[in-house]
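Working notes for the structure below.
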Amino acid sequence: MARHETQHPPKVAVITGASSGLGAELARELSRHGWSVGLIARREDRLMTLADEIRQAGGRTAIAVADVSDKAMLLAAFDSIRGELGAVDLLIANAGVGKPDFLDPFTVDDIEQMIRVNLLGVLYSIAAVLPQMIEQRRGHIAAVSSAGAYKGMPGSAGYCASKSAVSTLLEGLRIQLREYGVSVTTICPGFVRTDMTDVNSFRMPWLQEPDAAARKIVRALNRRKKVYNFPWQMALMIKLLRWLPDWFIARTLPRKSDVVRNNE
Ligand SMILES: NC(=O)c1ccc[n+]([C@@H]2O[C@H](COP(=O)([O-])OP(=O)(O)OC[C@H]3O[C@@H](n4cnc5c(N)ncnc54)[C@H](OP(=O)(O)O)[C@@H]3O)[C@@H](O)[C@H]2O)c1
């Protein structure tokens, strides 16, 4: 639906991690399709710039600053957005961090942060919208997981673990929420050109532009897909990888990090 066909009343989507990359593009795309968009992230300046852009294009938006790994702060951010835009019809829990693993010293703190942001951030976001969706017996919960959820990759085991936990969480909730009229979509992108991947020095196969990826995601959400793996080439490759022996993967795949941090 294009903006000139604005929905009445406009539906409300809240996107976490909306200050850059996929989250910002999802906000633009949903706004173009007539949604009111609530934007959450830590960088307020980025949120304000995006909100200005959306309003100038005729969209309706509200921002709230929060760290998704801080439950109280995040719940307050959702309350503030609900206060401005109304009840949430669609949640896209997109905020995430990706860091390479090093073994010596073992980067426990980085992995802990990925679990806090990528997993607990999604959990708290769901907690912020679930009571209202269950009460209204409608709504749509989506989270951005990753193709990495399907396979523990050398050098990004922590990231993959956090994302497979997200996918599993959503899978169980999806089945449980059927009787409450709440849809759940797990989004598993391959590589997308964003700040997160700009630091990668290895070749990223089937790298997608963030605006194109956001268009695909919104189409998948409109179809209420249960799990959206894209691009298909990456989805297929990850399925094949699951069957390959460890020695082959260790020898052939680019890894995000080496064993010792100062080898970077
Ligand atoms: N790019 C890829 O190839 C790719 C592939 C598969 C999945 N993904 C997933 O896609 C999602 C979006 O990532 P991206 O690629 O668009 O990277 P990005 O441009 O770095 O965006 C990450 C977003 O998450 C937010 N964020 C990070 N930590 C946060 C925290 N503690 N609290 C609140 N917000 C936080 C950032 O905002 P602030 O810094 O302003 O808080 C930013 O808006 C992530 O979940 C990522 O894992 C990306």
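The values are calculated or read from the model by the stated rules, or taken from the named source; none is laboratory data. Here the structure is a predicted model, which means the values were calculated and not measured. Please note: Cβ atoms are built from the backbone with ideal geometry, for glycine as well, and neighbour counts cover all protein chains shown.
Out of Ser201, Ser183, which single residue is surrounded by fewer than 14 Cβ atoms within 10 Å (Cβ to Cβ) and of a type in the set (Ser, Thr, Tyr)?
Values: Ser183 fails: surrounded by fewer than 14 Cβ atoms within 10 Å (Cβ to Cβ).
After ruling out the rest, the residue left standing is Ser201.
How many residues does the stretch 59-75 hold that are within 24 Å of Asn118 (Cβ to Cβ) and touching a strand residue (DSSP E or B) at 6+ places or on another chain (Cβ under 8 Å)?
Selection size over the stretch 59-75: 6.
Look through the stretch 1-20, keep the residues that are part of a loop (DSSP other than H, G, I, E, B) and modelled with pLDDT of 95 or more, and return whichever of them is farthest from Val144 (Cα to Cα). Please lay out each step first, then the result.
Within the stretch 1-20, the first condition is being part of a loop (DSSP other than H, G, I, E, B), and the residues that meet it are 1-2, 6-11, 17-20.
Pick out the ones that are also modelled with pLDDT of 95 or more and you get 11, 17-20.
Numbers: Lys11: 20, Gly17: 10, Ala18: 12, Ser19: 15, Ser20: 14 Å.
Looking at residues that are part of a loop (DSSP other than H, G, I, E, B) and modelled with pLDDT of 95 or more, I get Lys11.
Among the residues of the stretch 210-228, is there at least one that is part of a loop (DSSP other than H, G, I, E, B) and modelled with pLDDT under 95? Spell out how you get there, then give the answer.
First, the residues of the stretch 210-228 that are part of a loop (DSSP other than H, G, I, E, B): 223-226.
Among the residues that remain, those that are also modelled with pLDDT under 95 are: none.
Within the stretch 210-228, not a single residue is part of a loop (DSSP other than H, G, I, E, B) and modelled with pLDDT under 95.
Consider Lys163 carefully, then state whether it is of a type in the set (D, E, K, R) and crowded, with 17+ Cβ neighbours inside 10 Å. Before the answer, list the steps.
Values: of a type in the set (D, E, K, R): yes; crowded, with 17+ Cβ neighbours inside 10 Å: yes.
So Lys163 fits the description; yes.
Taking Ala213 and the conditions (1) more than 9 Å from the ligand (Cβ to nearest atom); (2) in contact (Cβ under 8 Å) with a residue 60 or more places away in the chain, which numbered condition does it fall short on, given that it satisfies the others?
(1)
Looking at Arg215, Arg242, can you tell me which residue is surrounded by fewer than 18 Cβ atoms within 10 Å (Cβ to Cβ), within 19 Å of Asn94 (Cβ to Cβ), among the basic types (Lys, Arg) and in contact with a helix residue (DSSP H, G or I) (Cβ under 7 Å, 6 or more places away or on another chain)?
Values: Arg242 fails: within 19 Å of Asn94 (Cβ to Cβ).
Only one candidate passes the filter, namely Arg215.
State all residues of the stretch 171-196 that are touching a residue at least 40 places away in the same chain (Cβ under 8 Å) and within 15 Å of the ligand (Cβ to nearest atom); if no residue qualifies, say none.
Of everything in the stretch 171-196, those that are touching a residue at least 40 places away in the same chain (Cβ under 8 Å) and within 15 Å of the ligand (Cβ to nearest atom) turn out to be Thr185, Thr186, Ile187, Cys188, Pro189, Gly190, Phe191, Val192, Thr194, Asp195, Met196.
Which residue out of Gly23, Gly83, Gly98 is modelled with pLDDT of 95 or more and either in contact with a Lys or Arg (Cβ under 8 Å, 6 or more places away or on another chain) or farther than 20 Å from Ile187 by Cα (or both)? So that I can check it myself, show each step before the final result.
Values: Gly23 fails: either in contact with a Lys or Arg (Cβ under 8 Å, 6 or more places away or on another chain) or farther than 20 Å from Ile187 by Cα (or both); Gly98 fails: either in contact with a Lys or Arg (Cβ under 8 Å, 6 or more places away or on another chain) or farther than 20 Å from Ile187 by Cα (or both).
Every option except Gly83 fails the conditions.
Six or more apart or on different chains, Cβ under 6 Å: which pairs go from a residue in the stretch 122-137 that's over 12 Å from Phe78 (Cα atoms) to one that's of a type in the set (A, V, I, L, M) and part of a helix (DSSP H, G or I)? Could you list them?
From the stretch 122-137, the pairs are Val122/Val166.
Count, please, the residues in the stretch 238-254 that happen to be without any contact (Cβ under 8 Å) to a residue 40 or more places away in the chain and either assigned to a loop (DSSP other than H, G, I, E, B) or under 16 Å from Ala147 (Cα atoms) (or both).
Taking the stretch 238-254 first, the residues without any contact (Cβ under 8 Å) to a residue 40 or more places away in the chain are 240, 243-248, 251-252.
Those left that are additionally either assigned to a loop (DSSP other than H, G, I, E, B) or under 16 Å from Ala147 (Cα atoms) (or both): 240, 243-245.
Matching residues across the stretch 238-254 total 4.
One residue is enough: does the stretch 40-49 have a residue meeting the conditions of a type in the set (Val, Ile, Thr), part of a helix (DSSP H, G or I) and either more than 20 Å from the chain's Cα centre (by Cα) or modelled with pLDDT under 95 (or both)? Before you say what the answer is, go through the steps one by one.
Of the residues in the stretch 40-49, the ones of a type in the set (Val, Ile, Thr) are 40, 49.
From what's left, part of a helix (DSSP H, G or I): 49.
Now narrow it down to the ones that are either more than 20 Å from the chain's Cα centre (by Cα) or modelled with pLDDT under 95 (or both): 49.
Within the stretch 40-49, one or more residues are of a type in the set (Val, Ile, Thr), part of a helix (DSSP H, G or I) and either more than 20 Å from the chain's Cα centre (by Cα) or modelled with pLDDT under 95 (or both).
When Ala87 is evaluated against the numbered criteria (1) more than 17 Å from Leu26 (Cβ to Cβ); (2) in contact with a strand residue (DSSP E or B) (Cβ under 8 Å, 6 or more places away or on another chain); (3) within 8 Å of the ligand (Cβ to nearest atom), which criterion, by number, is the only one it fails?
So the condition that Ala87 fails would be (3).
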